[in-house]
């Protein structure tokens with residue numbers, strides 16, 4: 001009996017020894033490096049980083065568009081932000097040593113320490129208001145920044161745990177995080193003096209991004225945003241301690257700032273101090289390289305002003321866009337969206353910009369606005385028909401003002417004037433050039449039927465999108481805002497509308513209507529493709545190192561000649577739809593007008609809310625989030641439906657006359673003489689401008705004049721041929 005108890009005791013003792021030995025082995029062998037690093041870190045102060053200057057952004061002629069300017073941030077140690085008890089005890093001990101915490105003889109050591117820690121905790125809480133005053137910021141903003149920082153570091157902890165499977169204490173928990181950014185020198189001096197007694201607050205040298213005269217370039221420039229855990233996870237420089245993202249830093253999240261992020265970011269410097277404050281290491285920062293854009297900032301501003309005048313002159317218009325492409329290189333000289341915004345004030349006025357549902361100033365229309373293209377797509381339709389041998393340049397088709405019946409859906413625009421192209425100009429029908437010249441819908445309805453909608457969409461891709469990129473290649477400009485538009489193939493129609501393609505779709509797509517959607521950049525690329533016979537992705541970066549191959553569409557020279565002659569006649573023939581609006585004495589222009597029927601935009605919605613007592617209430621709001629916030633304080637309240645309430649343009653004018661809904665387009669290339677080599681392609685959109693000839697073509701005309709009179713000599717004036 002005794003022997004058995006002895007054996008059990010020895011086994012238990014041995015198990016305990018093995019557990020202790022295993023734990024010691026884990027601490028001293030397996031994780032020796034980690035704890036050595038912890039011990040080493042305890043002997044030095046948290047590192048002080050020296051910010052690198054982000055690369056500047058210039059236009060194609062060296063005009064400065066964006067730069068980093070010196071500024072200062074007021075920062076607070078994360079351990080103070082989070083109320084870390086160990087950190088509070090350490091600060092209390094330090095203040096006692098310095099005689100900054102009065103001793104109370106009636107308290108024992110434990111009570112004294114507890115009171116001192118309460119005092120430090122109170123000082124930390126009070127310091128937020130003291131910090132806000134010299135920074136000139138509202139206290140609510142400072143407290144919001146504190147909460148945001150705590151949530152961000154907590155998210156980082158979860159991310160690291162999920163990624164590595166073990167609990168990791170991020171270095172960010174020992175760093176100071178900014179609560180007030182972008183202070184000037186005088187404010188920083190005042191803050192440093194006012195907050196000098198608070199060990200947990202530092203005023204740190206930093207930089208702020210400054211955009212120069214950039215309202216016309218607000219969308220192109222983009223924005224900087226806070227680094228996220230996801231951004232750090234995909235950071236290509238994550239292994240470089242001085243180049244990897246730190247949680248309080250900013251990175252490009254939109255526009256060129258994002259597109260050129262890897263180019264613009266630099267490598268920060270570092271100062272290391274021991275526990276006594278002596279410097280033990282110093283690494284100098286390396287500034288980020290500069291980015292040079294293909295944009296001509298002066299031309300961009302001129303076009304922005306032209307769009308401003310065009311939109312303001314039309315009481316229905318809500319905005320516009322214009323693009324200028326250099327055809328030989330596909331460099332973008334202008335990428336304009338109106339209205340824009342000052343990127344320096346974007347965050348300050350974001351709510352106001354976001355809630356402007358009529359003019360939508362945050363929409364980067366030139367690359368992100370998807371619109372029905374209307375008749376500007378007809379050159380691509382004609383080229384497709386010729387390439388597929390569905391027609392020849394001499395093929396004639398009749399236009400009676402309507403396709404099958406005067407009361408049917410498919411009419412020609414000229415039927416509004418109670419006539420037809422056969423009756424007015426072409427008794428024997430229209431050939432290819434003539435159909436383009438007068439923009440005959442009936443001709444293109446019939447051509448669309450012959451081609452068939454799905455084949456038409458496959459060919460459209462070659463004109464403004466190009467072939468799918470190979471792995472590792474970036475299509476288009478690479479801007480994050482750039483949208484692919486809508487090519488309503490058979491697969492697309494089934495996925496989005498659960499229906500097959502019909503004959504009516506083939507007719508609609510041929511004239512740029514139906515589900516077809518393009519951006520203004522797509523339309524400019526279409527014209528560049530027609531003018532050159534090849535497609536190439538556009539670029540906005542002059543030092544773009546991407547591979548941008550050129551694709552030949554494979555049309556016969558006589559087919560391209562037919563399409564280009566048709567576009568020349570649109571502007572320079574007296575019958576042409578743009579003759580009265582786009583023809584110029586200074587230079588030959590070739591182009592196409594378009595008046596694209598479109599949907600109205602929703603200004604706000606009417607939400608039906610059901611309250612817990614069963615009562616239903618209608619609430620009108622611009623955003624669903626506004627209603628959700630309004631009912632969040634009432635448990636059980638929910639939104640059960642919503643529908644558009646106010647639309648723009650309104651259905652009827654004040655005199656009860658119905659208001660049509662159409663966007664105005666003009667797109668073309670110059671020089672447009674069939675014997676010349678085109679240099680520039682342009683597209684102009686005026687939202688809800690109704691007539692491409694009356695509203696968009698005059699803007700294009702002024703853009704061409706700006707190119708002619710530019711000090712950079714883009715175009716040489718020449719005379720047009722005698723109009724036919």
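The values are calculated or read from the model by the stated rules, or taken from the named source; none is laboratory data. As the structure is a prediction and not an experimental result, all values here were calculated from the model. Glycine also receives a Cβ, built like all others from the backbone with ideal geometry; neighbour counts cover every protein chain displayed.
Worth a mention:
- Taken as a whole, the condition of being within 30 Å of residue 436 (Cβ to Cβ), surrounded by fewer than 23 Cβ atoms within 10 Å (Cβ to Cβ) and under 20 Å from the mean Cα position of the chain (by Cα) does not apply to residue 352.
- Among the residues making up segment 114-132, those that are out of contact with any helix residue (DSSP H, G or I) (no Cβ under 7 Å at 6 or more places or on another chain) and surrounded by 12 or more Cβ atoms within 10 Å (Cβ to Cβ) are 114, 115, 118, 119, 123, 127.
- Residues in segment 602-619 that are surrounded by fewer than 15 Cβ atoms within 10 Å (Cβ to Cβ) and without any contact (Cβ under 8 Å) to a residue 24 or more places away in the chain: 613, 614, 615, 617, 618.
- From the options 462, 458, residue that is without any contact (Cβ under 8 Å) to a residue 60 or more places away in the chain, assigned to a helix (DSSP H, G or I) and under 31 Å from the mean Cα position of the chain (by Cα): 458
- Of all the listed residues (688, 669), the sole one being within 30 Å of residue 374 (Cβ to Cβ), surrounded by 22 or more Cβ atoms within 10 Å (Cβ to Cβ) and out of contact with any helix residue (DSSP H, G or I) (no Cβ under 6 Å at 6 or more places or on another chain) is 688.
- Scanning segment 646-666 for residues that are in contact with a helix residue (DSSP H, G or I) (Cβ under 9 Å, 6 or more places away or on another chain) and either surrounded by fewer than 24 Cβ atoms within 10 Å (Cβ to Cβ) or outside the structural domain of residue 316 (by TED's automatic domain parsing) (or both) gives a single hit, 662.
- Segment 489-499 - residue that is closer than 22 Å to residue 444 by Cα and within 28 Å of the chain's Cα centre (by Cα) and, of those, surrounded by the fewest Cβ atoms within 10 Å (Cβ to Cβ): 489
- Residue that is nearest to residue 577 (Cα to Cα), among those in segment 364-409 that are at pLDDT below 90 and in contact with a strand residue (DSSP E or B) (Cβ under 7 Å, 6 or more places away or on another chain): 401
Residue by residue, here is whether (1) over 19 Å from residue 77 (Cα atoms); (2) over 29 Å from the mean Cα position of the chain (by Cα) holds:
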{"residue": "134", "(1), (2)": "no, yes"}
{"residue": "142", "(1), (2)": "no, no"}
{"residue": "147", "(1), (2)": "no, no"}
{"residue": "156", "(1), (2)": "no, no"}
{"residue": "159", "(1), (2)": "yes, no"}
{"residue": "169", "(1), (2)": "no, yes"}
{"residue": "174", "(1), (2)": "no, yes"}
{"residue": "179", "(1), (2)": "no, no"}
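- Considering residues of segment 133-169 that are without any contact (Cβ under 8 Å) to a residue 40 or more places away in the chain and not in a helix (DSSP H, G or I) only, the residue surrounded by the most Cβ atoms within 10 Å (Cβ to Cβ): 168
- Considered as a group, the residues in segment 209-241 that are crowded, with 18+ Cβ neighbours inside 10 Å and within 23 Å of residue 77 (Cα to Cα) include one that is modelled with the highest pLDDT, and that residue is 227.
- Take the conditions (1) touching a strand residue (DSSP E or B) at 6+ places or on another chain (Cβ under 6 Å); (2) more than 29 Å from residue 315 (Cβ to Cβ); (3) free of Cβ contacts under 8 Å to residues at least 24 places away in the same chain; residue 634 misses just one of them, which is (1).
- Some residue of segment 338-355 being assigned by TED's automatic domain parsing to the domain that holds residue 677, over 30 Å from residue 605 (Cα atoms) and at pLDDT 95 or above: no
- Residue among 536, 502, 548 that alone is surrounded by fewer than 19 Cβ atoms within 10 Å (Cβ to Cβ), farther than 25 Å from residue 441 by Cα and not assigned by TED's automatic domain parsing to the domain that holds residue 61: 548
- Among the residues of segment 469-501, those identified as without any contact (Cβ under 8 Å) to a residue 40 or more places away in the chain, closer than 21 Å to residue 377 by Cα and not in a helix (DSSP H, G or I) are 484, 487, 488, 489.
- Enumeration of residues in segment 502-537 that are within 14 Å of residue 452 (Cβ to Cβ) and either part of a loop (DSSP other than H, G, I, E, B) or in contact with a strand residue (DSSP E or B) (Cβ under 8 Å, 6 or more places away or on another chain) (or both): 502, 514
- Scan of segment 667-703 for residues that are within 22 Å of residue 533 (Cβ to Cβ), over 28 Å from the mean Cα position of the chain (by Cα) and in contact (Cβ under 8 Å) with a residue 24 or more places away in the chain, ordered by number: 670, 671, 672, 673, 674, 676, 678, 679
- Taken together, the residues in segment 95-109 that are outside any loop (DSSP other than H, G, I, E, B), loosely packed, with under 11 Cβ neighbours inside 10 Å and modelled with pLDDT of 85 or more amount to 1.
- The one condition in (1) surrounded by 11 or more Cβ atoms within 10 Å (Cβ to Cβ); (2) modelled with pLDDT of 70 or more; (3) more than 30 Å from residue 210 (Cβ to Cβ) that residue 26 fails to fulfil: (2)
- Segment 360-397: number of residues that are more than 17 Å from the chain's Cα centre (by Cα), part of a loop (DSSP other than H, G, I, E, B) and closer than 24 Å to residue 685 by Cα: 2
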